[in-house]
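Read the structure below first, then the notes.
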Amino acid sequence: MWTPEASIPGDSGATKSPSPMWGGVRGGGMRPQRGPLTSATALRPFAGSLAVLAALAVASLFVGVGTLNPGALVSDPDAVALMFASRLPRTLAAILAGSGLAIGGLVMQTLARNRFVEPTTAGTAQGAALGILIVTILAPGASILVKTVVASIAALGATSVFLSLAHRLPPTQPFLVPLFGLIYGGVVGAAVTYIAWQADLLQLVEVWIHNGEFSGILRGRYELLWIALAFVALALWVADRLTIVSLGRETSIGLGIDYARMLQLGLVIVSVISALTVVVVGIIPFVGLVVPALVSRIVGDNLRQTIPLVAISGATLVLGCDIIGRLLRFPYEVPVGTVLGVVGALAFLAVLHLRPRHG
Amino acid sequence: MIEIEDVSFARQGTPVLQDISLSIPAGGVTALVGPNGAGKSTLLSLMARLLPLETGRISIAGKSVAHTRSDALARTVAILRQDTLVSSRLRVGELVGFGRFPHSRGRLTDEDRHLIDDALREFDLTGMADRFVETLSGGQRQRAMVAMAYCQGCDCMLLDEPLNNLDMFYARELMRILRDLADRQGKTIVIVLHDINHAATYADRIVALRDGRLVSFDRTDQVLVPERLEQIFGYRMEIATVDGQPVVLHHR
């Protein structure tokens, strides 16, 4: 039976010299005192969500049309090939795209100072789609890297226009910004559809861009998403400055932040992440909206604490929905975007109706 | 402490400030007063680098506002404006802690934590340090914002109508704290005030603007005479004396 004493090295005969650190813990059982600014409260949900994500990732490796059981990995070369050519890339792609989408949404909400906007509804993803479409028409043979770069630039342009117009709306009317975003995203999306129709590329837009899914992900076709992870890390690096930006232009300047430059950096983070996910897996809705909003309800708006949690929760949501999509009508698949449409809408209703924690 | 020379400012061709020159000495409370549209907030925004300086020069503690890096100025001058913080889910302790950002760049030292606790205590916020800002009343939120500006630890503080959302109790409380900071810590405080009686009670000097021009800059008791108040506000008001203190009967 396990007892607390048994875990103390000094009490077992094998270890001759007990470490002084253990002695301290044993004597008082005291936790170090924490002020209100340390992240003790944020650590628990962080560890919990990381465990859930890890469990889902393992499950994802063994869910699919081809049967694959853990034992076969040591003996069967075909099983190993399936794992490294398809299952592992697909799992990683869902994790990378999910965390990127959630962080893109969080940063966009910070810049717009509004909780109800996200890149896939307010024009960023539609801008990226426009970029991909233009490359496909003008240079059909362009590499996926060129497509990503053009999509990023187009997304940046579309988001800049959205943000400069959104900042002119009165802050006393918080629902004007997302309404404007929906209309703006709809207009850009309509332009994409019109151009695609004219160029006879409607199938590309409707099937590939507008309904994100992971069934086409293989080794060699998702690696660009690692760049999205780099931008998530960049967001974490400037987390304090982004939090200050969320307090408004004047407070930011008062604290010595270069407000305009931080807005530009945030825009680049949002646009590049969105463009990468649109290029690799297509548009996946709701993740950027519900994940940051739910995390904000629970742990608040201090981005240094929320960014890791938002990234992990976004990955968990997308991976979980992808697994559901694989199982719902097995052996056929439901695209992750469709599953998220249902799950995300329910989660959004929860965001609207749950009472926020008062801290 | 604050040198303003030949400052003019125009918005879309309409002059908002014209040829303002004044020199505010270090220490004490200076009130900026004047009727609506006089240019008080514009002048304060120019001092605070929230608006770009078009003509003239402003320097604070020898640092030119136009030519000094913003993060260096943030260690010299703290500003408080009417930002909308309504939906922020930062905790009060975190918000006040961001006042240390110009010094710590986000890595709080023990000294920073000490100063944050100090600011929370000074503004009677210790009990709500763990509450989210959006759950506070307007007055509490305003106090948290002032506490953040105080926590910045600057010699000079610029405040734009900080009494706007406060009831009489907290308005008086805030003015007393600011007076105390000037007396005890030698802070230089410039504050835009609507109510001339708050200026009369708590300010050492009054800067009065009207239609973008400097009307008077003098010791408080020198400004509080009927002729000069009429010059500033455009109508005659009586001044009573209660316990040797002037009280402007501006509402009659």
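Estimated translational diffusion coefficient (Stokes-Einstein, Kirkwood radius over Cα pairs, 20 °C, 1.002 mPa s) of the protein assembly as shown: 78 µm² per second. In plain terms, the bigger the Kirkwood radius, the slower the diffusion; for the stretch B:124-204, with that radius from Cα pairs, at 37 °C and 0.692 mPa s, Stokes-Einstein puts D at 247 µm²/s. Ignoring everything except DSSP H segments at least 4 long, calculate the 222 nm mean residue ellipticity for chain B; use -39,500 (n - 2.57) per segment, divide by total residues, nearest 500. Dividing the helical sum by the residues of chain B leaves -9500 deg cm²/dmol.
Between helix B:138-151 and chain B, what is the angle of the helix's C-alpha long axis to the longest principal axis, kept within 0 to 90° and rounded to the nearest 10? The two axes meet at around 80 degrees. Across chain A, the longest piece that holds none of the trypsin sites (Lys or Arg not before Pro) lying in DSSP loops with up to 11 other C-beta atoms within 10 Å covers A:169-328.
Charged neighbours of A:I257, selected by a Cβ distance under 9 Å, balance to 0 (K, R count +1; D, E count -1).
Extension gain, B:T55 to B:D130, is 22.5 nm, computed as 0.36 nm per intervening residue step minus the present C-alpha separation. Listed from fewest to most Cβ neighbours within 10 Å, the set A:S99, B:S216, A:S252 follows the order B:S216, A:S252, A:S99.
Straight-line cross-link partners of A:K147 among the aspartates and glutamates, defined as a Cα under 17 Å from its Cα and at least 8 positions apart when in the same chain: A:E223.
Extending 7 Å from Cα along the Cβ direction at B:R176 and again at A:I298 yields two label points whose distance is 4.4 nm.
Dividing the summed helix terms, -39500 (n - 2.57) for each DSSP H run of n ≥ 4, by the number of residues in chain A produces a 222 nm estimate of -21500 deg cm²/dmol to the nearest 500. Summary value for chain B: 25 percent relative contact order, contacts being C-alpha pairs under 8 angstrom separated by 6+ residues. Look at where the Cα atoms of the stretch B:207-252 and of the stretch A:281-344 average out, and the two centres are 62 Å apart.
In chain A, the alpha-carbon atoms span a convex hull of 198 Å³ per residue. If you average the alpha carbon positions of the stretch B:133-175 and of the stretch B:35-72, how far apart do those two centres end up, in angstrom? So the two Cα centres are separated by 21 Å. When only Cα pairs below 8 angstrom with a gap of at least 6 residues are kept, the stretch A:84-353 shows a relative contact order of 34 percent. Neighbours of A:Q109, meaning other residues whose beta-carbon lies under 14 angstrom from its beta-carbon, give a summed charge of +2 when Lys and Arg score +1 and Asp and Glu score -1. Note on B:K187: aspartates and glutamates with a C-alpha under 13 Å away, same-chain residues under 8 apart excluded, are B:D155, B:D204.
Looking at the stretch B:102-165, the trypsin sites (Lys or Arg not before Pro) that sit in a DSSP loop and have at most 13 other Cβ atoms within 10 Å of their own Cβ are B:R105, B:R107.
Read the figures in this text as sums done on the coordinates, not as results from a lab. Please read all numbers here as calculations on a predicted model, not as lab measurements. Heads up, the Cβs are rebuilt from the backbone with ideal geometry, glycines too, and the neighbour counts pull from every protein chain shown.
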